[in-house]
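Everything on this sheet refers to the single structure shown next.
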Amino acid sequence: MKSKWLLISLLAIGACSQKMNDKKLSLLSTPVAHRDTTKDNYFGTSIADPYRWLENDTAPEVIQWVVDQNKATNHYLDQIEIRKELRKRLTEIWNYAKYSAPFKEGDFYYFYKNDGLQNQSVLYRTKDLKNTNEAELFLDPNKFSDDGTVSLASLAFSKDHQFAAVGIARSGSDWNELFVMDVNTKNKTSDKIEWVKFSGASWFGNGFFYSRYDEPVEGKAFSNQNEYMKIYYHILGSNQKEDILIYEDKSHPLRYFNAGLTEDERFLFINISEGTSGSEILVKDNSPAIKFIAKENTNGFHLLCKGFNNNYSVVGNDGDQILVLTDLDAPKYKLVSIDPNNTSPQFWKTIIPEGKDLLEGVVTAGKGQLIASYLVDASTRLKHFTNKGELVKEIELPGIGTASTGGCKTDEHTIAYNYISFTEPSKIKFYDLNSQKQEDWMSNRTYAFNPDDFETKQVFYPSKDGTKIPMFVMHKKGLKLDGTNPTLLYGYGGFNISLTPSFSVSRILFMEQGGVYAIANLRGGGEYGEDWHKAGMLEKKQNVFDDFIAAAEYLVKEKYTSSEHLAIHGGSNGGLLVGACMTQRPELFKVAIPAVGVLDMLRYHKFTIGWGWAVEYGSSEQKDQFDYLIKYSPLHNVKAGVKYPATLIMTADHDDRVVPAHSFKFAATLQENPIPVDQPILIRIDSKAGHGAGKPTTKLIEDATDMYGFILFHTK
């Protein structure tokens, strides 16, 4: 689909001048968005929605609204001279070889590599990991498009390793297409699957299972609500129209369904969820082997784990017993073994019990082995267990960071994992399950910066109610704490997502400029288990904003920065975080960057898959939940006469996760206020981009250049 906007579209508001380094910036005056009389009645309360028309992102007047603002804001951003320096330096330090941890399929080890500035990473394969210079190129997503905006979304190999199902996403959309490759010839087959969302392929027999929605209404693919997900089985060589419907639920249109199998293909699962929290699992025993499970359609499934008050995920199986990771009666999670013929929780056997630290995940590794990942104050610990729950060894990691592994098959005895810290790119290591020894892989990379120039510390500060919140703070060594350092505070705080150490090239750029970067581990995340998550969801969402505001106050109190030098940033749910905090405490921040944010809390559930977030936020269609949503919804808490921080709202035209209407309406509402000369309001609407996944390197550099240029101009 062609982009609705051919250029990066930006909205500038008001007319003002800025001065930095003796250079004045000017903003061109732009038309104010027109208000209409749209109103909604919520339980006797009338709520105006004057920019409802901006929700129709394909309407000519909306497209024109975006285009009209583009010239004015580009005019502003182009005058920030530091952007030229930032772009050049960012390109230099971005340009290093990046590798993924290898994984084995058949006779080959596969790994992703990016030479440095390639838009998309390339998939290679080799039989000898010690001689990767002769690795064979297997799949290059850069050939899918001229501009790198088509990305690899999923990859699954058939059991016999003769075929691979490849999922691609265009322009960052959540919609995926699947095609099949012959692994030996690397040629495409005739198979093509469309309108897949939140699903890859699960191979079984001569085909695979996948989940999809019905084809959307033309012109509304990126905005209309997605309903009635279904699971299909596709037989190789057939047309998608012939695919066999495996599972649907006509009585519950707002549920997700995904099929998966254990490695030995004995058990077929259907994972069901009503949103982003809570799940249910159905199971079907494929033993004795049958030719085509698809012929049985929905018959034969029975309940393994009852939903939806708790979370369950299948780890694998140990013969006829199924291993499940769950928070049932264990908010920090435990691993249990379930007999599929006797599924009542009272008969479950605990393999790895709940402990004092969060059991974040478990993967099967070789025959009869398990690797468990724990979080200790938002940093990873890896432990090696037998499948009976006996601790073999805690795997030594290089330091405080994040380690991730995908496990290994039953006929392997080594497992690869990625280790990453805030100030150094990933290190890849192999752990031998037999000898319990480790070795490095691809450890001789060089960078255009010195990781030793920077330091990271973890601090704990009190939130409004006294809860201790952890925060990572990083900067150049020898930083003077005099309250004048440009500082960027980042947060998320939701959906059970943990902010653990990760590496960012643009973060290095910011710290080279004397910046302090802070990441707060707010309630609502998953850092300390389900209790921590629940303390920041639904009616307790204000805790998240209080935690973030307290983080800012701590940074000011400890003289890392001051309000005149402090910026805040967050994306998606983090965009909501920034929007709520800048409207609740506008005087505390100099700059706000709400990116792809959920900003209209009364109507978010009406678009694409927004309904899935109601378990996290609540819904305006329920009186008690409307009462607390209206109190913090950023769109509805912009007040006349208030001086808001210099704001750069960031969104994208193909974002079908959090539709751009959220950002459009928030920008238009902020535009109603007179704009102070020193704090402009901008919106940056990227073209041929989505919520963030799969974005090409060229666009990532453009994003960072504009964002950090804007931040540094206003905070230095």
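The values are calculated or read from the model by the stated rules, or taken from the named source; none is laboratory data. This is a predicted model, so every value here is computed, not measured. Don't worry about glycine lacking a Cβ; one is built from the backbone with ideal geometry, like all the others, and counts go over all protein chains shown.
Structural remarks
- Neighbours by Cβ (under 7 Å, 6+ apart or cross-chain): first from the stretch 596-625, among the polar types (S, T, N, Q); second in a helix (DSSP H, G or I): 619/605; 619/625; 620/626; 620/629
- Residue in the stretch 435-450 that is touching a residue at least 40 places away in the same chain (Cβ under 8 Å), buried (at least 18 other Cβ atoms within 10 Å of the Cβ), in a loop (DSSP other than H, G, I, E, B) and among the hydroxyl-bearing types (Ser, Thr, Tyr) present: no
- Of everything in the stretch 358-403 that is of a type outside the set (A, V, I, L, M, F, W, C) and touching a Lys or Arg at 6+ places or on another chain (Cβ under 7 Å), the residue that is farthest from residue 317 (Cα to Cα) is 398.
- Among the residues of the stretch 489-510, not a single one is among the β-branched types (Val, Ile, Thr), modelled with pLDDT of 95 or more and either touching a Lys or Arg at 6+ places or on another chain (Cβ under 8 Å) or part of a strand (DSSP E or B) (or both).
- Leading residue by the ranking (surrounded by the fewest Cβ atoms within 10 Å (Cβ to Cβ)) among those in the stretch 674-705 that are of a type in the set (Lys, Arg) and within 10 Å of residue 149 (Cβ to Cβ): 699
- A search for C-beta distances below 9 Å between a residue of the stretch 484-512 that is under 11 Å from residue 524 (Cα atoms) and any residue that is among the basic types (Lys, Arg) and surrounded by 24 or more Cβ atoms within 10 Å (Cβ to Cβ), counting only pairs 6+ apart in sequence or on different chains, returns 493/523; 493/541; 494/541.
- Filter result for residue 197 (over 29 Å from the mean Cα position of the chain (by Cα), at pLDDT 95 or above and within 26 Å of residue 141 (Cα to Cα)): no
- Residues satisfying the criterion are absent from the stretch 371-394 (criterion: crowded, with 21+ Cβ neighbours inside 10 Å, modelled with pLDDT under 95 and under 27 Å from the mean Cα position of the chain (by Cα)).
- Residue satisfying all of: in the stretch 221-273; aliphatic (A, V, I, L, M) and part of a loop (DSSP other than H, G, I, E, B); surrounded by the most Cβ atoms within 10 Å (Cβ to Cβ) among these: 229
- So residue 130, is it within 26 Å of residue 200 (Cα to Cα) and either surrounded by 18 or more Cβ atoms within 10 Å (Cβ to Cβ) or of a type outside the set (S, T, N, Q) (or both): no
- Sole exception among (1) under 22 Å from residue 324 (Cα atoms); (2) of a type outside the set (Lys, Arg); (3) modelled with pLDDT of 95 or more for residue 368, by number: (3)
- Selected residue (only one of 231, 244 is modelled with pLDDT of 95 or more and either more than 28 Å from the chain's Cα centre (by Cα) or closer than 30 Å to residue 59 by Cβ (or both)): 244
- Pairs linking a residue in the stretch 132-143 that is closer than 17 Å to residue 101 by Cα and without any contact (Cβ under 8 Å) to a residue 60 or more places away in the chain to a residue that is surrounded by 14 or more Cβ atoms within 10 Å (Cβ to Cβ) and of a type in the set (Lys, Arg), with Cβ atoms under 7 Å and 6 or more positions apart or on different chains, are 135/125; 136/125; 138/125.
- Unmet criterion (only one of (1) within 25 Å of the chain's Cα centre (by Cα); (2) of a type in the set (Gly, Ala, Ser); (3) surrounded by fewer than 21 Cβ atoms within 10 Å (Cβ to Cβ)) for residue 205: (1)
- Test for residue 215: is it surrounded by fewer than 17 Cβ atoms within 10 Å (Cβ to Cβ), farther than 25 Å from residue 691 by Cα and without any contact (Cβ under 8 Å) to a residue 40 or more places away in the chain: no
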